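The values are calculated or read from the model by the stated rules, or taken from the named source; none is laboratory data. All figures in this text were calculated on a predicted structure; none of them were measured in a lab. Every residue, glycine among them, receives a Cβ derived from its backbone with ideal geometry; neighbour counts consider all protein chains shown. These area figures cover heavy atoms from the full protein model, side chains too; ligands, DNA and RNA do not enter into them. Shrake-Rupley method; radii C 1.70, N 1.55, O 1.52, S 1.80 Å.
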Amino acid sequence: MNLKAVLEGILFIVGDEGTTINDMVKVLEVTEEEVKNLLMELKKDYESNDRGLRISYLGNAFKLTTKEEKINSTTETIEQ
């Protein structure tokens, strides 16, 4: 199983609420360290200029958010 892909799916599904490391540990059935490593790998993937999302840590939860530099383009598309 590709755990990084599963983690990405979890972050997408939880939306604005986000999810905690403890929740990811339970769902993925891996250690906290493994979750942190997967998050770092996925975060690096999203750092590419051709990606419109990033992983944000807000409060005690991780979630997918739109990159600041992509917000205007995204908003214009939605408004059309």
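Conditions tested, residue by residue: (1) at pLDDT 90 or above; (2) open to solvent by 100 Å² or more (accessible area, probe 1.4 Å).
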residue	(1), (2)
Gly9	yes, no
Met24	yes, no
Glu34	yes, no
Asn37	yes, no
Arg51	no, no
Glu68	no, yes
Ile71	no, no
Thr74	no, no
Glu79	no, yes
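Considering only the range 1-57, state which residues are of a type in the set (S, T, N, Q) and either touching a Ser or Thr at 6+ places or on another chain (Cβ under 9 Å) or free of Cβ contacts under 8 Å to residues at least 40 places away in the same chain (or both). Before the answer, list the steps.
So in the range 1-57, the residues of a type in the set (S, T, N, Q) come out as 2, 19-20, 22, 31, 37, 48-49, 56.
Passing the criteria: Asn2, Asn22, Thr31, Asn37, Ser48, Asn49, Ser56.
Within the range 39-49, take every residue that is out of contact with any strand residue (DSSP E or B) (no Cβ under 8 Å at 6 or more places or on another chain) and assigned to a helix (DSSP H, G or I) and give me the one that is most open to solvent (accessible area, probe 1.4 Å).
Initially, the range 39-49 is screened for residues out of contact with any strand residue (DSSP E or B) (no Cβ under 8 Å at 6 or more places or on another chain), giving 40-41, 44-45, 48-49.
Of the ones still in play, those that are also assigned to a helix (DSSP H, G or I) are 40-41, 44-45.
On the way: Met40: 106, Glu41: 89, Lys44: 138, Asp45: 59 Å².
In this case the residue turns out to be Lys44.
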